[in-house]
Amino acid sequence: MDAPLQPLSAAQSPGAVEEILDRENKRMADSLASKVTRLKSLALDIDRDAEDQNRYLDGMDSDFTSMTGLLSGSVKRFSTMARSGRDNRKLLCSVAVGLIVAFFILSYLVSRART
């Protein structure tokens, strides 16, 4: 990694010592600049990833909102039909049985498609 500074001897002139220190300083500054560049790149990647995830979550929020509206409307119609009388209860039971049968048929077909 970092090479240790050379020990000063009595034979070295102040200009040579200053040159050695200057080279060491430049080397360390270059090392620091490369580390800062890597950190900046990493921070930009994290920012882009966070923005992508926020867009994805916003899309999911709008999808869930639309599904909530659809389901609440269906529940209201279903409740109205269940409260409206005996004839509709027969229809309600046949619809419920049909949905249960359709669910089992679809689950069977999906399990067969996986294998």
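The values are calculated or read from the model by the stated rules, or taken from the named source; none is laboratory data. Everything quoted here is computed from the prediction, not taken from an experiment. Just so you know, the surface numbers come from the protein's heavy atoms only, side chains and all, with ligands and any DNA or RNA stripped out. Shrake-Rupley method; radii C 1.70, N 1.55, O 1.52, S 1.80 Å.
Please state which of the following conditions residue 27 fails to meet, knowing it meets all the rest: (1) modelled with pLDDT under 95; (2) more than 35 Å from the chain's Cα centre (by Cα).
Condition (1) is where residue 27 drops out.
When residues of segment 58-96 are filtered for being open to solvent by 70 Å² or more (accessible area, probe 1.4 Å), over 37 Å from the mean Cα position of the chain (by Cα) and modelled with pLDDT of 85 or more, how many remain?
Total satisfying the criteria: 0.
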